[in-house]
1. Given a 1.4 Å probe and the protein chains all in place, what does the accessible area of His105 round to, in Å² to the nearest 10?
2. Using Cα pairs closer than 8 Å and at least 6 residues apart in sequence, work out the relative contact order for the chain, in percent.
3. Above 30 Å lies some portion of the pair distances; for the chain, what is it as a whole percent of all C-alpha pairs?
4. Roughly to the nearest percent, how much of the accessible area of the chain is carbon and sulfur, given a 1.4 Å probe?
5. Taking the full set of protein chains and a 1.4 angstrom probe, give the accessible area of Ile4 in square angstrom, rounded to the nearest 10.
6. Compute the Cα gyration tensor for segment 109-254, then decide on rounded, prolate or oblate, letting a ≥ b ≥ c be the square roots of its eigenvalues: rounded whenever a/c is under 1.5, prolate when a/b is larger than b/c in the other cases, and oblate in all that remain.
7. Between Glu118 and Arg44, what FRET efficiency follows from the Cβ-Cβ distance if R0 is 22 Å, with the result rounded to 0.05?
8. Can you pull the accessible area of Arg244 for me, 1.4 Å probe, Å² to the nearest 10?
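The values are calculated or read from the model by the stated rules, or taken from the named source; none is laboratory data. None of these values were measured; they are calculated from a predicted model. Cβ sites come from the backbone with ideal geometry, for glycine too, and all protein chains shown count toward neighbours. Side chains are part of the model used for accessible areas, which takes the heavy atoms of the whole protein and leaves out ligands, DNA and RNA. Shrake-Rupley method; radii C 1.70, N 1.55, O 1.52, S 1.80 Å.
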Amino acid sequence: MTDINGKTTVCGIIGNPVEHSLSPVMHNAAFRQTGLNWVYVPFRPAIGAVETTVAGIRGLGIAGVNVTVPFKEVVIPFMDDLTDEAVCCGAVNTIINRGGKLTGHNTDGSGFIRDLREEYGFDPSRGPALVWGAGGSARAVVVSLLRAGCNELALVNRGRERALDLARAVYQTTGATVRVFPWVAQDDGLVDFTRRAKLLVNCTSVGLSGQAGEGFPLPDELSGPSQMVYDLIYNPPRTPLLTRAEKSGAVIANGLGMLLHQGALSFEAWTGRRAPLETMRRALGK
Ligand code: NDP
């Protein structure tokens, strides 16, 4: 860690739980590499303490924080300003504090797109995309894919109503129509769409260490090497979904690259400096 002194600038992450987060290691490595006298600290506020937490950021002059579960949506009413991305995503993953004025930003979607493009050479305009999930990360992924030129998108979520709500919200903010399929692997529409899709993205927590994924609606055969299967989960690094996709010959990716790129974008928003991507990557063990 950087030597802390009277001039150290503090930033960090708010989440509950937060102990599992890799962001402190990644950002502190970046501050060391760039010689910035900054430090990144994990904060674990009580779940109901959002208002006092945001007041604390202002009051203590914390330069910026990342925001994770369960605060991404509930911090919104306490921001002075929101970026377009945060409005479209309906969630904030980065707060920037400029002289006590707090701007809520969202780098998750842009981080995901940067990973697709820069690490895998995948252009979202290549063809249809299927997204599993309808929570906060699904919304960021859907909005960013549409903004990046994907012109055919479908959603499938265990709770169908939530997927329909998300499709409606996306229509209201972007004007784009998103199809919703039932959470049933044999559904004809879903089978056909899955085979045609160039990109399939898991934005559910199915596959997280210790969480079973029975009934995950993936048809038996994917169409193979022309497809990319991306799982936002990075622990474990290879989920059952990625193992199955790899067997079909698809290009596979876990969520570590998204974590890296959303972090780099947050770093740049706070410091105005280019993020030391390779240092951050190494800190993540990627
Ligand atoms: P949310 O809590 O907002 O959404 C959770 C999603 O998972 C919902 O669609 C929910 O479906 C679904 N789900 C949960 N349990 C099950 C289950 N047993 N069977 C089927 N579906 C299930 O979470 P987020 O969107 O914020 O995060 C989702 C995943 O993405 C997490 O694993 C998270 O770690 C990862 N993530 C990774 C990031 C990265 O940088 N790589 C960034 C953000 C998230 P339902 O609506 O039916 O409950």
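1. Answer for His105: close to 30 Å² accessible.
2. On the way: 565 pairs, mean separation 46.1, N = 286.
Reported as a whole number, the value is 16 percent.
3. It works out to 30 percent of all Cα pairs.
4. It is 51 percent, rounded to a whole number.
5. Its accessible surface works out to 110 Å², give or take rounding.
6. Numbers: a/c = 1.32, a/b = 1.13, b/c = 1.17.
In terms of gyration-tensor shape, rounded.
7. After rounding to 0.05, the efficiency reads 0.10.
8. Arg244 exposes around 100 Å² with every protein chain in place.
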